[in-house]
1. Filtering the stretch B:70-96 down to residues that are surrounded by 16 or more Cβ atoms within 10 Å (Cβ to Cβ) and of a type in the set (D, E), which residue is nearest to the other protein chains (Cβ to nearest Cβ)?
2. For B:D118, work out the one condition from (1) in contact with a Leu (Cβ under 9 Å, 6 or more places away or on another chain); (2) part of a helix (DSSP H, G or I) it doesn't fulfil.
3. Collect the residues in the stretch B:182-237 that are part of a helix (DSSP H, G or I), among the acidic types (D, E) and surrounded by 16 or more Cβ atoms within 10 Å (Cβ to Cβ), keeping them in residue-number order.
4. Quick one: would you say A:V198 is more than 10 Å from chain B (Cβ to nearest Cβ), open to solvent by less than 60 Å² (accessible area, probe 1.4 Å) and farther than 24 Å from B:R149 by Cβ?
5. Need the failing condition index for B:I179 against (1) modelled with pLDDT under 95; (2) more than 30 Å from B:A202 (Cβ to Cβ), just the number.
6. Can you list the helices (runs of 4 or more DSSP H) found entirely within the stretch A:172-225 that contain at least 2 residues being at pLDDT below 90?
7. Report whether or not B:A245 is touching a residue at least 12 places away in the same chain (Cβ under 8 Å), small (G, A, S) and either open to solvent by 20 Å² or more (accessible area, probe 1.4 Å) or closer than 22 Å to B:E162 by Cα (or both).
8. If you take the residues in the stretch A:170-182 that are open to solvent by less than 40 Å² (accessible area, probe 1.4 Å) and more than 8 Å from every other protein chain (Cβ to nearest Cβ), which one is farthest from A:R278 (Cα to Cα)?
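The values are calculated or read from the model by the stated rules, or taken from the named source; none is laboratory data. Quick caveat: nothing in here was measured; it's all calculated off a predicted structure. Note: ideal-geometry Cβ built from the backbone for every residue, glycine included; neighbour counts use all protein chains shown. Just the protein is used for accessible areas: all its heavy atoms, side chains included, with ligands, DNA and RNA removed. Shrake-Rupley method; radii C 1.70, N 1.55, O 1.52, S 1.80 Å.
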Amino acid sequence: MRSRLSLIGSFLPLALLMALAYLWPVLVTVQASFADDAGVFVGAQNYEDTLTSYYFIDSLLFSLKVSLVSTLVSMILAVVLALALRETFVGKKLALFICQYNLSVPRMAAAMIMVFLISQTGWLSSLAHEMGIYDSAAQFPFWVYDAGGVGLITVFVWKFTPYICMSVLGILQGASLEYEHQAATLGIGRVKRFVHVVLPSIIPATAVASILVFAASFGDYEVPAILGSAQSRPLSVMVYLKYLDPHLRDRPEAFVIMVIMTLVLMAIIVTYWLCATRSERNAS
Amino acid sequence: MSFLTIDGLTKTYRGNAEPTICELDLEVEQGEIVVLLGASGCGKTTTLRLIAGLEQQDRGSISIDGDCVDGLRAEKRPIAMVFQKALLFKNMTVAENIGFTPRLNRSMSRQELARRIDEMLALMRLEGLGERKVTQISGGQEQRVSLARALMTNPKLLLLDEPLSALDAELRVSMREHIRLVNRKLGTTMLFVTHDQEEALALGDRIAMMFDGRLAQYGAPEEFFTRPASRQVASFFGWKNFVKAECRLKVASCAFGRFALDCPDGVGVLAIRPEAACNIGTGVLQGVVLSATFKGTSFSYRVRIDERTLEQTSNDCEPGELELELELDSREVFSPGELLRFDLDARRMWMLV
């Protein structure tokens, strides 16, 4: 009993600090979302205005689409890449190094590189023009600042694929490989091994990594700020612009959007927690 | 032709200067248990993985039941393998694990599968555990499920890679008996890898002793105690004493005397087992006990021989060769410093030429 109390005692200050650091800004944001620009309580009026706004719905759907597509593409590429990287081949160490090194590239730098690379005035466009594929740079596809979010998705996929890949690779090279060998020596063919042995072993880690990737791309500001479209602004950019509105009229809406983003991310974190708990239970 | 024929098998891993397996030849007859024995890193598991098709050899060939399996993927070979870890699928029950292969390959009807699973549960003494999750059974039961799962595929050759090493001593003994029982009942040919000499002796119809990727000796278990092929093999099987000797006309002469031995003429090393001491208290050889170690049913003594009792001059001996390690039963105990008289029994010696 005494040891339990001392454990709680040693943990309590940290827990309070974390609660304060996380809950205080959330509470302030929630409070501000129910007030007008003069700080007067207006009930759910701000929420009604925001949730019926075409721009908000469009922005929310755009952010969800970009995050979802980025996550799904990253997940599929990561699994394929991890399956390739676990094989023995010449240059494997270099491939692994590039994959790991990629994690350290700042997202903002990745976004800038993407502008230089695939914008209509970028290197690829110039190269295509030089090669005679296009007559002018304007004919090059509109991949950056586009309404479809191709540039955004490309950067997120580039940044997040190695992250999921490393999580999956660790499993593929460890226990999963032993189970695969076991299944092979029991007469189970490649496809069935992948479906019945490999997939079940990597699904928990892939799901957990993908949920984190979704949360990171959904809440990211830097990349959408650089590569986002003028027609469809991602939520994070919309919040920033509304918060900095010089007339302060849009500030309550910024707080409402922040609360909605927090709720979405909290839902994701709860899902992550449930996945992680299930994964741990299966592992034990 | 033997049931399993390995011919000139060689495997070198990338980055290794020396081959892990070098020119290995081995023949296994149908229905027998052959134990691959050796210290860690000697290549026994690699040999098993090459036979299973989990690795590809650089040279040599492997035939099972007259068919060459070189180049065939693991799932196409007529084998099944049991690993050191049971590697059971944790999201399945015991019965689902046992029926894993026929269920996925749809090689049996449901009724047939259920009947075969029941048979396997009975054979493995796992009755009543079929519906349990594999996380709810003991380590010994896990290995029996793993063995049952492998046997469900009706393999021509069952490969066992140290499947008992994670179990406690008592469980290991009962599992050994169980594996022998399965072998006798089903007649499955088995290749069993272990580093445990006792396990090899208890299980093997024949033992293949490996050192540094090479086959050092292959034969019946008793041969390792009576006719070891080399000093390495002898040391592994508990031969403690080695002395220079010369053999002429079936008589080996060494510092400790002349002994009638079935050995070819030549100069070599005479290996003497620690149990070779006889005629205690009345023998010709005399020595001082340097140390005594209690070993349960016997005592192990380190004895320095008195040179005056030797037949030849001790100048022929290397330093240390005048010391013998002897094992005597614990009826009469000698303390360090005491004199011990004894003779050496030629039946406990072997000439390594």
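1. It comes out as B:E75.
2. Evaluating B:D118 over (1) in contact with a Leu (Cβ under 9 Å, 6 or more places away or on another chain); (2) part of a helix (DSSP H, G or I) leaves (1) as the failure.
3. Of everything in the stretch B:182-237, those that are part of a helix (DSSP H, G or I), among the acidic types (D, E) and surrounded by 16 or more Cβ atoms within 10 Å (Cβ to Cβ) turn out to be B:E199, B:E223.
4. The answer is no for A:V198.
5. Of (1) modelled with pLDDT under 95; (2) more than 30 Å from B:A202 (Cβ to Cβ), only one is false for B:I179: (2).
6. Filter on the stretch A:172-225 gives A:175-185, A:199-219.
7. no
8. Filtering first and then ranking leaves A:E180.
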